[in-house]
Structure formats: C-alpha cells, structure tokens
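The numbers here are math on the coordinates, done by the rules we state, and not lab data. Note that the structure is a prediction, hence the values are computed from the model and not measured. Don't worry about glycine lacking a Cβ; one is built from the backbone with ideal geometry, like all the others, and counts go over all protein chains shown.
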Amino acid sequence: MLMKFGDIKSAENIFYSIKNKDNFTFGAMMKGYVENDQYEKVLDLYEEMNIKPDDIIYIIVLNACAGLSNYRAMNIEKQILQKICNKWQNNKIILTSGIDMLMTFGNVNDAEYLFRSIQKKDIIAYGAMMNGYNMNNQPLKCFELFEELKQNLVPDEIIFNILIGTCAQIGLLSRCKFIFNQIPLHMQHQQRIQNALINMWGKSGSIDKAYDVFQSVASPNIITHTSMINAFGLNGMGFEAVNLYKQISIDQCNDITHICVLNACSHSGLLNQARIIFNNIHIKTEKIITTMIDCLSRLFLFDEAERLIDDFEKSNQPNIVMYMALLSGARNHGNIQLSEKIYNRIKSLFPDEKECLISGAILLSNVYSSRGEFELGRDIRYRHINKLKHKVKVGLSWTEVNGELV
C-alpha cells in the first residue's frame, strides 16, 4: 500500500522491523521497488536474502535486471539463469522472464537457447522472443517466428502489436500491407492496435493510410495524437503536425508529444513555430532541450543552440547528445572551425563515450571531405578510430527481393 503511493521510506521501516522475513515479505518489498523504478534496491535486497528464493522472487529480480541493464544486473542475471536451466525447465514464467532479460542485454543466442528449451511454448513466450528480436534489430527472425507460432497458436493483440512494430522498424510498405491483412477486423478497431498502425503507416511513407486510421479512432488519446504528429513529421508535413498539436491541450501533452512536434518543425524548417512551442512548454526536460538544440543546429543557428547548452549546464551535467546534434549541424553547414571546436569539447567532456567519439570523428572527417580535403578527412577518420580501439558499428537496412526480406 505504501509503495503504491511512493512512500518508500515508510515501507522500508516496516519491512526492516519484521524479524522473520519469508519469500512473500521479500517479494512484496521487491515488487514495490520495481513499481517505483528502484531497480538497484531490488538487487540489494536479493543479495541480502538469507532464505532460499522462490519462483516469484526470481521473476521480480529478472524484471529488475531488465530495467537496470548494467554490469551488475548482467552478473546476477547469469547466476539466476544457471539455476533456471537446471531446475526450472518447466516453469514458463521464469524462462520467459529470462528471455526478456537476455534480449535486453543483446544476448540473442542464449535467449534462443532458453526459448527452445521450453517444451510447450505459449503465446507469452513467443511474444517475449519476437519483441526481443525487435529490440535487437532482427526483424526477419521475428517474421519467421510468427509463421511458426501460427502453426500451433492463434495470434493475439499483443503479437500483432509486436509485428506492427517490426513492420515500422523496416518501413517496407509491401510487408506492412502483408501483416495488416492478417489482423482480424475486430482487432483493427482496438485503440492499441490503431495507435501502432498510425506509427507503422507513417514510417512506411503511407501518410494517407495513417490519417485514415487516425480518423477512425473513436476516442483518440495522447498516444493517438502523438503517433499522428510523428507520422506527419516523418513525411515532411510540418504544418500539419503543428496544427494537430495545437488541437491538444498543453496539459495533456507529454514529453514525447513535445519532442515529436519539435522534430516535425526541425525537419520542415519551421523555426518560428518551434520557438513558440518550445517557449510555451512549462517543464523543459533534457530530451526536449536536446530536440530544440537539434532544430536550431539543422537551421545553422549555432549561437542560439550553444546558449541553450550553456543554460542547461548551469544546473545539469553535460549531455553528449546535445553536442552531437550541434556537431551534425556544423557538418551540414561545412563549418570546419566550429566542427573542430565541438569535437574537441566532446573529447574533453566524454572521454569514455567511444561510440559517440567515433561517430563524431566521422562527422568531422566528412566536413573536410565536403570541402575537398579528402586526404585530411581520411586521415582524421582513421587516426581517431584507431586511437579509440573500438569497432565501428556497421549500418543496416532492409529491402525486399522477389518477396524475400534481405
């Protein structure tokens, strides 16, 4: 009860006053921590346990590990999964939690092994596996698993919602139509499915279909409006995105709504509208400020963007995404001096962010190459990448050849 109201301190006082704690007591406390996003405390409590954990404890701890996704969580997850494989092979709930955990850490092979060890797979296990493939950018495997699922089970709303997300990820209109035609008519009118469809059609470039779905929603919620605003923005329809945004009460809007409309303004060059929207937002979160910096940088208003960063850093730690947005804008502008300045600042502030440093080095080299300094650009690229000793992530895109996804 106390945890539901966020009164963690009082709940902890009661918990630690109990002398003989059982699994139910530990589980109630851990569940409360999870509900309040206190994942580290779940792991602390798990390691403090002086009794043998039951199935419920393992499920809660695995969920906490998935929410935390750090080195400590990974180690605890491995310990639990070793026990799972040996003793809980018939407990689908624990195994499904294990699959979700492994996928969160990008450990797809082990998740597949765990999935195959489940003798009687239910719709939840298939859903966890398919969602994991989406998380790890493996849409082809998600589609293949869907075909396997249909041989023994009837797909539900959650499965189709995951598949719609897969289609949105690859953005191929033919694949979107193929999956859409398999969704039962009664499901097509469920709001959760409709919201996902707006996103899918928007990302596949079929804005008319997205808008048709939007208009068919009986009682649009903030997710519905945000999905449509984002779809307009992705298709270069900034004015339409702003007009729809204006129809919503600002008190109803959340961070994602503000970010989507600012992105729409950014991609359509609507500077005045972006400034008005940004200034009217009561609570400007880190992500909202970052989006505005990206908007200003795309329009080459670097002084204004840097002032936003300076104001933010008066009371917050520096944010690397803000600097990367600024560097990307300087690259597009072909501004060598500013690009050098920003990249050196990134190196100074974020020496351990190797992936971003490599991306920054590539952006910097592109500036020189765009000015005809090809040798210098190539030298910067390879010198920085070799110095960082970190693999460059290979880009990935999908297309369809003779009906096959490749």
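Quick one: of LYS31/LYS141; LYS41/LYS120; LYS284/LYS341; LYS314/LYS341, which pairs are farther than 31 Å apart, Cα to Cα?
Pairs exceeding 31 Å: LYS31/LYS141; LYS41/LYS120.
Over its Cα atoms, what ratio of radius of gyration to 2.2 N^0.38 Å does the chain give?
Ratio of Rg to 2.2 N^0.38 Å for the chain: 1.13.
Rounded to two decimal places and with Rh computed the Kirkwood way over Cα pairs, what is Rg over Rh for the range 120-194?
Taking Rh as the inverse mean 1/r over Cα pairs, Rg/Rh reads 0.93.
Just to be sure I follow: if Rg is taken over the C-alpha atoms of the range 229-269 and Rh is the Kirkwood radius over the same atoms, what is Rg/Rh?
With Rg and the Kirkwood Rh in hand, the quotient comes to 0.94.
Mind pulling the angle between the C-alpha long axis of helix 222-234 and the longest principal axis of the chain? Nearest 10 degrees, somewhere in 0 to 90.
Long axis of 222-234 versus the principal axis of the chain: about 40 degrees.
To the nearest 10 degrees, how steeply does helix 157-170 sit against the main Cα axis of the chain, on a 0 to 90 scale?
30 degrees
In the range 215-289, what is the volume of the convex hull around the alpha carbon atoms, normalised per residue and reported in Å³?
For the range 215-289, the hull spanned by Cα atoms encloses 79 Å³ per residue.
Using the Cα atoms of the range 1-136 to build a convex hull, what is its mean projected area in square nanometres?
Across all orientations, the range 1-136 yields a mean hull projection of 8.3 nm².
Can you put LEU234, LEU114, LEU376 in order of Cβ neighbours within 10 angstrom, beginning with the fewest?
LEU376, LEU234, LEU114
Express the relative contact order of the chain as a whole percentage, based on alpha carbon pairs under 8 Å and six or more residues apart in sequence.
6 percent
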